[in-house]
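A quick write-up on the structure given underneath.
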Amino acid sequence: MSQEKSTLIGDGHSYQSSPYGAPPVYHTTTPPVQVQPGPGQPNVVHAHQHYAQQMNNPPNDYLIWSILACIFCFWPLGVAAIIKSLDVRRSVSMGDRERAERSSKYAKYLIIASVILGVILLTTLIVIVAV
């Protein structure tokens, strides 16, 4: 039978020692976020919480097209399109529809530009080699 002791720490927290060297279990009666005010400042407690909302009909992220544009077309714009596609996913997970739609549109434009530049460069290369 193990004996557990409860020890009080000076700041109002207590902990119980756990058997077998496990980390102690802490118990507190104080709020999780404490701010000590500076001179002349009021005592203010800030606790930020983010609640992600499920987005209905999220915008297209074009990630597959971005990867294909990076591999087969003009790769610098393809990399930028991949970054914007991932930004769409991050914005959707955060519930920020406006940013997700803006990033989706920008990723699509980058993919189109990558394909156009890739075709122009390939055509130029073929003409140079053939002549």
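If you plug the beta carbon distance of Val127 and Met94 into 1/(1 + (r/R0)^6) with R0 = 30 Å, you get a FRET efficiency near 0.05.
With R₀ set to 30 Å, the beta-carbon distance separating Trp75 from Gln54 gives a calculated FRET efficiency near 0.30. A cut-off under 15 angstrom between Cβ atoms defines the neighbours of Pro58, and their net charge, with Lys, Arg +1 and Asp, Glu -1, is +3.
Read the figures in this text as sums done on the coordinates, not as results from a lab. This structure is a prediction, so every number in the text was calculated from the model and none was measured. Reconstructed Cβ throughout: ideal geometry from the backbone, glycine too, with neighbour counts over all protein chains shown.
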